[in-house]
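The structure under discussion appears below in the form of structure tokens.
The values are calculated or read from the model by the stated rules, or taken from the named source; none is laboratory data. Computed from a prediction, not measured in an experiment: that's the story for all the values here. A quick note on method: Cβ atoms are made from the backbone with ideal geometry, for glycine too, and the neighbour counts reach across all protein chains shown. Surface areas here come from the heavy atoms of the whole protein model, side chains and all, with no ligands, DNA or RNA. Shrake-Rupley method; radii C 1.70, N 1.55, O 1.52, S 1.80 Å.
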Amino acid sequence: MHNLKHSGAYSRLENGKVRRKFSKTILVAGGAGFVGTHLCKRLLDAGNKVICVDSLMTGRQSNIQSFVGDENFRFVLHDIIKPLKISKPIDEIYNLACPASPPHYQADPVHTMQTCILGSINLLRLARKKGAKILLASTSEVYGDPKVHPQPENYWGNVNTVGPRSCYDEGKRCAETLFHDYAERDGIEVKIARIFNTYGPLMRPDDGRVVSNFICQALQGLPLTVYGDGQQTRSFCYVDDLVSGLVALMAIGKEVCDPVNLGNPGEFTVMELACLVREMTSSRSRIEHLPLPKDDPVVRRPSITRANRLLGWQPTIPLREGLEKTVAYFAAEIFANEPIVEVAE
């Protein structure tokens, strides 16, 4: 029963039965999204009470359906660009509320910027009122199309302020500034995670990110769309590894308030990923090259020296292993409603 000791979340009664004791109440903004759902599950499994806040703009209610009925889980339908009122005490806040894929954050760029800025202000004010620690899910996109490789946290980036990606890139950069300034002015305990490409089950098939695109296209026999020559690089972190990093960053002491990269330093070209997905799905899909989108980064790879030193964190799940789980998830999603055809003997 050694696993019951995790986070002090359980105690043993005289009759030998195990009882949960709740050490924290944690609010997860964007908790019905891809990463948010995995985080909610991890926090619930550790014995916490979780308040999931989501507008369902890109999050999905089906993601959190398994939590419904759990007395320690509460869902609040709310857009964080508006002030959020929570009457009960809150110990920690995770701000994951923002569309994270280009098709979704570009669909309404002004709302994306509002989510990054107004949403951060509203959650920071809530954290100040509750005396809660607060973590920002920032992004590797703050580095833009980098001139330094790999990207360390002290690199200031190369970002276009008036391009198609600017609403997200600059929105997250501004959110980091707000977190820093609220910490300096009001003494709020803040954490900033710069998240690199993350993948895994619960990704939306239509989110437009390269892993979900390739897997869904390969499973359906569609061409794999590669932008440019496919030699641009990305680093892919499995969602379980990322969640471990987020939880570890939240748990670290107040002295750590500067940004921390969370990602897998393994670097692959987009063409390498396309070929691997095609192999793993036994797909005959051809590869189709399309024009490279404006401001698309040529290289992307995190330096995780700071995360390893401060948090003792590094990813453990190799790309092939993570892709196996992700392919299985998408196969179940795509083919779930297909009719079963009986073959006569």
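Report the antiparallel proportion of the DSSP beta bridges in the chain as a percent, rounded to a multiple of 5.
Bridges in the chain are about 10 percent antiparallel.
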Burial-style ranking of 232-239, 320-327, 43-50, 64-71, average other-beta-carbon count within 10 Å with highest first, yields 232-239, 43-50, 320-327, 64-71
With charges only on Cβ, +1 for K and R and -1 for D and E, what is the dipole size of segment 163-218 about its Cα centre, in debye, rounded to 20?
240 debye
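Would you work out if segment 34-140 is rounded, prolate or oblate? Take a ≥ b ≥ c from the square roots of the eigenvalues of the alpha-carbon gyration tensor; rounded if a/c is under 1.5, else prolate when a/b is larger than b/c, oblate otherwise.
oblate
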Starting with the highest mean, order 253-266, 88-101 by the number of other Cβ atoms within 10 Å, averaged over the residues of each peptide.
88-101, 253-266
Mean shadow area of the chain over all directions, Cα convex hull, nm²
20.9 nm²
Accessible-area order for M271, M57, M250, largest to smallest, probe 1.4 angstrom, reads M57, M271, M250
How would you order 145-154, 129-138 from highest to lowest mean count of nearby Cβ atoms within 10 Å?
129-138, 145-154
Near G33, within a Cβ-to-Cβ distance under 13 Å, what is the net charge of the other residues, with Lys and Arg +1 and Asp and Glu -1?
+2
Quick check for you: with a 1.4 Å probe and neighbouring chains kept, what is the accessible area per residue of segment 117-273, in Å²?
36 Å²
Distance in nm between label sites at R185 and D258, each 7 Å beyond Cα in the beta-carbon direction?
2.4 nm
Dividing the alpha-carbon radius of gyration of segment 99-169 by 2.2 N^0.38 Å (N being the number of residues), what value is obtained?
1.27
What does the accessible area per residue of segment 40-86 come to in Å², with a 1.4 Å probe and no ligands, DNA or RNA counted?
52 Å²
Ignoring ligands, DNA and RNA, what percent of the accessible area of the chain is carbon or sulfur (1.4 Å)?
52 percent
Debye, to nearest 20: dipole size of segment 127-175, +1 on Lys, Arg Cβ, -1 on Asp, Glu Cβ:
460 debye
Roughly how many debye, to the nearest 20, is the charge dipole of the chain about its Cα centre, given +1 on each Lys and Arg Cβ, -1 on each Asp and Glu Cβ, and no other charges?
1400 debye
